[in-house]
Amino acid sequence: MYEVQYSDTNVSPKYYSKFAENTLLVKSIFLTIQGEGPFVGHQAVFVRLAGCNRGQKEVMECPWCDTDFRVGTGKILTFEEISSKIQQELISTYFYPNYHNDSYRPLVVITGGEPMLQDNLVSFIKYLSGKGFQIQIESNGDRLAKDYFKDACWDYATLIVSPKIHPGTKTYQNLKDEVHCSLNYLKILVDARSDSHYHQLPNYLTTKNPASIYISPLTVYQRRVEEDEVASIWNKDLIDVDKTRANYEYAAEICMRNGFRLSLQTHLFLGVN
Ligand code: SF4
């Protein structure tokens with residue numbers, strides 16, 4: 001049913017161990033509006049890291065993933081180079097020349113692919129935090145970067161975990177204890193079709209504060225997004241409106257019945273990446 005886009009190979013933490021300590025493998029850095037979750041509507045610079053342990057999307061229970069994180073197209077950048085690029089993105093776009101406010105902490109969203117595969121992430125978020133940035137990390141929760149839990153990284157970054165179905169059991173399995181303890185919010189993807197593995201909800205939601213759980217309806221594409229195309233919910237040639245609407249209605253019902261929060265991919269309404 002889903003058009004598989006930018007399928008890749010699966011990579012593990014070992015793949016990144018050959019890179020120098022103060023570097024990350026980066027796919028892209030760009031200014032946008034955060035479209036989902038607790039920072040929805042915030043100006044944000046996205047740092048998209050390359051590679052995912054579920055890169056083979058069609059067999060890893062992520063066939064609807066529209067993100068291009070192909071590991072072979074990543075570039076190794078030092079922390080200084082990434083920080084400099086983030087600042088360039090911000091400074092070049094302020095409406096107000098000479099913008100200056102010491103109490104403002106611009107938002108950096110570190111996403112992927114899967115950011116937690118790169119163990120240098122822990123040093124990087126401490127580095128960025130020291131430069132005055134507010135940080136959000138988006139992860140599938142399959143693992144934490146080395147020392148993330150030991151170093152209490154929730155002091156430096158807000159972690160949003162969007163768990164995925166296990167490709168073998170076709171069900172949600174429990175997250176590791178250290179992931180449960182480290183995450184700030186869960187984002188659960190839902191599909192209205194009763195035969196979809198994403199129709200169910202993970203059992204562990206009952207142990208969480210409902211206000212920390214976002215329910216996010218899957219967007220259904222009817223063709224692939226072109227390399228230079230910005231996906232838009234208004235593009236009926238791209239989006240299967242009826243199936244997407246059914247997912248929205250299903251997500252709204254789940255939220256109404258359980259006190260969870262609804263999270264739409266609002267960047268798709270805005271025409272931004
Ligand atoms: S885990 Fe996330 S980034 Fe990786 S393929 Fe699945 S949805 Fe895409």
Requested in this report: Consider Glu229 carefully, then state whether it is in a loop (DSSP other than H, G, I, E, B), free of Cβ contacts under 8 Å to residues at least 40 places away in the same chain and either under 19 Å from the mean Cα position of the chain (by Cα) or surrounded by fewer than 18 Cβ atoms within 10 Å (Cβ to Cβ) (or both).
Outcome: yes
*Somewhere in segment 101-114, is a residue surrounded by fewer than 18 Cβ atoms within 10 Å (Cβ to Cβ), of a type in the set (Ser, Thr, Tyr), out of contact with any helix residue (DSSP H, G or I) (no Cβ under 7 Å at 6 or more places or on another chain) and modelled with pLDDT under 95?*
yes
Quick check: is even one residue across segment 148-166 charged (D, E, K, R) and under 19 Å from Leu25 (Cα atoms)? no
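Return the residues of segment 17-42 that are among the polar types (S, T, N, Q), assigned to a loop (DSSP other than H, G, I, E, B) and over 17 Å from Val230 (Cβ atoms); say none if nothing qualifies.
Keep residues of segment 17-42 that are among the polar types (S, T, N, Q), which gives 17, 22-23, 28, 32, 34.
Still in the list and also assigned to a loop (DSSP other than H, G, I, E, B): 17, 22, 34.
Correct list: Ser17, Asn22.
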Note on segment 12-37: residues within 22 Å of Leu189 (Cβ to Cβ) and either touching a helix residue (DSSP H, G or I) at 6+ places or on another chain (Cβ under 7 Å) or among the basic types (Lys, Arg) (or both) are Lys27, Thr32, Ile33, Gly35
Only unsatisfied item for Arg54, checking (1) touching a Phe, Trp or Tyr at 6+ places or on another chain (Cβ under 9 Å); (2) over 14 Å from Pro106 (Cα atoms), is (1)
Can you confirm whether Leu49 is farther than 19 Å from Lys164 by Cα, at pLDDT 95 or above and not hydroxyl-bearing (Ser, Thr, Tyr)?
no
Note: among Ile137, Ile188, Ile125, Ile160, just one is more than 16 Å from the ligand (Cβ to nearest atom), at pLDDT 95 or above, within 19 Å of the chain's Cα centre (by Cα) and buried (at least 21 other Cβ atoms within 10 Å of the Cβ), namely Ile125
Picked from segment 46-96 (must be under 23 Å from Leu268 (Cβ atoms) and more than 19 Å from the chain's Cα centre (by Cα)), the residue farthest from the ligand (Cβ to nearest atom) is Thr93
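For Gly41, indicate whether it is within 16 Å of the ligand (Cβ to nearest atom) and among the small types (Gly, Ala, Ser).
In short, no.
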Among (1) closer than 23 Å to Gln34 by Cα; (2) without any contact (Cβ under 8 Å) to a residue 40 or more places away in the chain; (3) surrounded by 14 or more Cβ atoms within 10 Å (Cβ to Cβ), Gly132 falls short only on (3)
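The values are calculated or read from the model by the stated rules, or taken from the named source; none is laboratory data. A quick note: this is a predicted structure, and the numbers were derived from the prediction, not measured. For neighbour counting, all protein chains shown are included, and Cβ atoms are generated from backbone atoms with ideal geometry for every residue, glycine included.
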